[in-house]
Amino acid sequence: MSNLSYEESKKKVFKGLWLLAGVTVAEVLISLFGKGYIGGDIAHSVSWLIYIVGLAIITLSIYKAYFIIYEFMHMRYEVKTLAMSVLLPTVLLVWAIIAFFQEGGSWKARRQQIKEKNEQPAKQEGMLQDDPETIHLWG
Amino acid sequence: MASTDTALEKEVHQHGGDWSGGTEPFRISYGKLMMWYFLLSDAFTFAGFLIAYGALRFSSPTWPVPDYVFKTHPFGKTELPLIFVTVMSFLLIISSVTMVRAVQEGHRENRRGVVLWMLLTVLGGVGFLSCQGWEWTNLIGREHMSVTTNPFGTHTEAGVYLDENGKESEETFRAGSSYIMHKAAVVNDEHAEAAEGHGGESHAEAGDHGEESHAEGGEHHTMTVMKSELPMDKPGFYVDERGYIHRKFKTSEGISSGDVQIEAFGPSAFGALFFFITGFHGFHVLSGVVFLLIILINAASGLYVSRKNGYEMVEKIGLYWHFVDLVWVFVFLVFYLL
């Protein structure tokens with residue numbers, strides 16, 4: 001901003017509007033394609049496509065976030081140490097995302113395991129067989 | 001033309017007393033720096049919410065498909081997936097751009113420009129809140145989603161719905177198809193008796209609910225039931241104690257192939273996460289609009305003219321407003337696109 005004239009920076013702002021609008025429309029179209037609304041049945045028949053679609057949408061969203069922070073919030077024109085003091089702590093979120101998504105997947109696996117075990121008949125020689133109340137409690 | 005550099009130099013001289021020391025740390029005013037750190041902490045709050053959403057979604061065998069849940073649209077259009085929320089996104093993007101313009105006019109010490117562009121920003125914010133109000137009203141009032149109840153479910157196996165006689169109908173679905181459970185109008189018994197006594201009243205009520213269900217695109221089940229009849233088990237569907245209609249279907253694949261099952265509620269965490277996260281964001285938008293209005297009035301009254309610091313207050317609320325847009329980018333991504 002510092003070395004741009006008023007007219008130039010004004011133009012830049014409206015360019016930013018078209019950029020953000022275009023990226024948003026692209027995201028929605030990709031998402032609708034991934035859900036099978038556009039492009040027919042390809043999305044349902046190719047199983048790995050959903051990962052590509054997800055990755056594309058996430059990348060575009062991160063680009064939007066970068067643009068908003070660096071241009072609209074003027075982070076580009078601040079001192080670099082300021083930018084780092086605000087942006088570096090968010091790297092912790094990378095850990096949080098990996099850790100908690102892993103945890104979520106693990107909950108699902110455990111729940112599935114418990115469900116499968118409940119569906120198996122109790123073993124004949126087991127103690128549980130004789131004690132219906134315990135079966136109920138553990139069931 | 002006041003560039004940022006000269007504005008900065010002015011600030012150094014003016015605020016030397018408050019933010020004392022020879023030069024300002026990070027060459028930025030105290031207020032703006034603290035706004036940045038507030039936004040950083042707020043980003044962590046939102047990230048916590050969104051990561052909780054992700055973890056619970058990963059832990060659940062099925063999850064409501066967003067383009068099915070959010071396909072409704074005002075003015076009677078119901079089959080436009082994601083279009084309404086895209087309009088909401090555009091409102092926030094546009095109001096973000098008008099905010100940048102307000103900050104630029106502030107740098108030029110142009111009072112009229114600041115007031116005009118801030119006014120447009122406020123309009124964008126109010127428009128967004130109105131859209132969200134409509135979305136919530138629709139989800140709560142018509143589709144009967146609540147913090148603890150999620151009527152949006154997903155089929156895990158392919159199958160076919162049963163008609164009202166318990167026979168297989170033409171209506172089939174595949175694994176991963178979504179459904180919404182409609183709610184019957186539940187009438188108290190005394191109420192129903194009274195209505196019978198007075199004739200027309202009960203008829204009028206059934207008519208009201210019929211219209212409502214038609215409006216939400218449900219081709220199925222517009223019915224009124226008495227409270228004492230619940231739960232009600234019919235060949236084609238089951239109505240639970242609260243009046244939610246669970247349709248019956250026969251699966252045609254998997255180990256339970258050929259079994260007759262009833263529609264179940266979707267994961268209950270969905271409602272709580274949706275209302276808390278979009279509500280927390282909406283609250284940010286609302287408080288942003290309030291602060292924008294306060295600063296707008298101050299700017300219009302000429303308060304910032306005498307400060308001669310390039311309308312720094314407008315810059316600070318601008319940072320906050322862009323942050324609200326930034327959070328929406330991720331709420332939009334997580335709730336609606338993925």
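The values are calculated or read from the model by the stated rules, or taken from the named source; none is laboratory data. Computed from a prediction, not measured in an experiment: that's the story for all the values here. Here the Cβ positions follow ideal geometry from the backbone for every residue, glycine too, while neighbour counts run over all protein chains shown. Side chains are part of the model used for accessible areas, which takes the heavy atoms of the whole protein and leaves out ligands, DNA and RNA. Shrake-Rupley method; radii C 1.70, N 1.55, O 1.52, S 1.80 Å.
Looking at B:GLY133, B:GLY166, B:GLY127, just one residue is assigned to a loop (DSSP other than H, G, I, E, B) and not aromatic (Phe, Trp, Tyr), and that residue is B:GLY166. Against the condition part of a helix (DSSP H, G or I), more than 8 Å from every other protein chain (Cβ to nearest Cβ), more than 26 Å from A:GLY34 (Cβ to Cβ) and not aromatic (Phe, Trp, Tyr), how does B:VAL115 come out, does it pass? For B:VAL115, the condition - part of a helix (DSSP H, G or I), more than 8 Å from every other protein chain (Cβ to nearest Cβ), more than 26 Å from A:GLY34 (Cβ to Cβ) and not aromatic (Phe, Trp, Tyr) - is met.
Being within 14 Å of chain A (Cβ to nearest Cβ) and of a type in the set (Val, Ile, Thr) holds for only one residue in B:VAL305, B:VAL289, B:VAL327, B:VAL285, and it is B:VAL327. The residue list B:LEU92, B:LEU56 contains one member that is at the interface with chain A (Cβ under 8 Å from one of its Cβ atoms), buried (at least 18 other Cβ atoms within 10 Å of the Cβ), touching a helix residue (DSSP H, G or I) at 6+ places or on another chain (Cβ under 9 Å) and over 25 Å from B:SER301 (Cβ atoms), which is B:LEU56.
From the list A:ILE97, A:ILE42, pick out the single residue that is open to solvent by 40 Å² or more (accessible area, probe 1.4 Å), free of Cβ contacts under 8 Å to residues at least 40 places away in the same chain and within 7 Å of chain B (Cβ to nearest Cβ).
Working: A:ILE42 fails: within 7 Å of chain B (Cβ to nearest Cβ).
Exactly one residue qualifies, and that residue is A:ILE97.
Summed over segment A:63-94, the residues that are facing chain B (nearest Cβ under 9 Å), closer than 27 Å to B:LEU92 by Cβ and open to solvent by 70 Å² or more (accessible area, probe 1.4 Å) give a count of 2.
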